1. What is the distance in Å between the Cα centroid of the range 34-89 and that of the range 202-266?
2. Hey, rough spin-label estimate for residue 130 and residue 276, points 7 angstrom out along Cα→Cβ, what's it come to in nanometres?
3. Can you give the direction-averaged projected area of the convex hull of the alpha-carbon atoms in the range 238-317, in nm²?
4. How big is the equivalent ellipsoid of the range 184-293 along its three axes, where each semi-axis is √(5λ) from the Cα gyration tensor, reported in whole Å from largest to smallest?
5. What do you get for the angle between helix 112-130 and the principal long axis of the chain? Use alpha-carbon atoms, 0 to 90 degrees, nearest ten.
6. Work out the FRET efficiency for residue 56 and residue 297 from their Cβ-Cβ distance, taking R0 = 22 Å, and round it to the nearest 0.05.
7. Semi-axes of the equivalent ellipsoid for the range 1-136, please: Cα gyration tensor eigenvalues, times 5, square-rooted, ordered largest first, whole Å.
8. At a Förster distance of 22 Å, what's the computed FRET efficiency of residue 264 paired with residue 320, Cβ-Cβ distance as r, to 0.05?
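Quick note: the coordinates plus some simple rules give every number you see, no bench work behind them. In this text, all values refer to a predicted model and were calculated from it rather than measured experimentally. Here the Cβ positions follow ideal geometry from the backbone for every residue, glycine too, while neighbour counts run over all protein chains shown.
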Ligand SMILES: [Zn+2]
């Protein structure tokens with residue numbers, strides 16, 4: 001079962017050259033709708049942009065939810081998923097092919113994250129069809145707004161999907177990497193209110209929100225907490241002038257863990273430290289905690305993982321089972337009840353202008369999609 005390498009590369013070049021920032025997926029969504037229809041899929045565009053609006057992202061594009069009827073019944077429905085948006089700087093991408101490598105011209109990202117996933121799905125399905133291979137029902141979801149919060153996937157309506165096996169093509173690592181576990185993430189927004197005073201005339205009557213924040217930060221455990229838990233404060237804003245004891249400080253951060261108990265415990269630790277320090281200083285603290293996405297923990301025994309192992313082995317790819325510290329649409333889709341893993345695409349240095357991918361990895365990714373469909377019995 002050989003894939004059409006020339007067509008695969010051409011489609012990759014075409015799609016990375018199509019601008020598609022988060023909330024700006026209209027053009028690529030229209031191209032993909034036409035491609036999916038050409039495969040014989042029915043395509044539905046949902047209204048996930050409505051949930052984006054609640055998060056202050058303007059968009060007029062929904063997730064694409066496509067369905068290809070199987071030639072075989074009584075086999076599990078497979079879901080393939082990739083995201084249409086990309087990070088900045090991702091406009092006017094001019095891909096360069098150098099031997100087996102595709103890279104950007106160095107002024108933008110390449111957007112192999114996640115165009116590599118998109119073309120692997122399209123070419124994998126085409127290969128199955130062109131080889132006349134029997135297959136079950138296939139669902140394909142191309143999401144909007146994955147970058148910056150998995151917001152498109154959050155708006156997906158799971159009642160439109162029948163799949164029992166989900167494959168999100170969006171992971172680091174060579175093709176063959178199967179990510180079976182990822183952490184949940186909580187977001188943390190903290191406002192600290194001290195008391196303003198003139199820094200030269202009456203500093204003793206002020207309460208510095210900066211000092212409260214700084215004390216709290218030195219007392220809380222941040223960074224790598226353990227093998228499955230991390231915490232970070234990534235934003236610290238405070239102060240307007242040097243002659244004012246700072247009245248207000250703002251912190252924003254995150255806590256992640258693959259273990260729900262540890263996530264809860266560490267979130268409580270951070271809240272306790274903030275409250276304790278604020279009390280010591282006589283300041284006030286407001287803490288807002290948001291559940292950003294759930295974790296998932298699959299094992300080798302899960303059917304979705306077993307099929308991936310089988311499909312990889314069939315095409316002589318070395319399967320590597322992995323766990324990640326990052327989130328992806330698979331977190332949301334697992335949370336919506338479809339067991340899903342994330343598959344490695346072999347892209348390198350994503351989210352940077354050094355981003356690149358080997359053509360051989362692109363081919364492997366398309367072959368793996370075809371193999372998953374073929375081995376699904
Ligand atoms: Zn991605």
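1. 38
2. The two pseudo-label positions are separated by 6.4 nm.
3. 9.3
4. 30, 12, 10
5. It is inclined by approximately 20 degrees.
6. Here the calculated transfer efficiency is 0.10.
7. 26, 22, 10
8. Values: r = 31 Å, r/R0 = 1.39.
Computed FRET efficiency for residue 264 and residue 320 comes out at 0.10.
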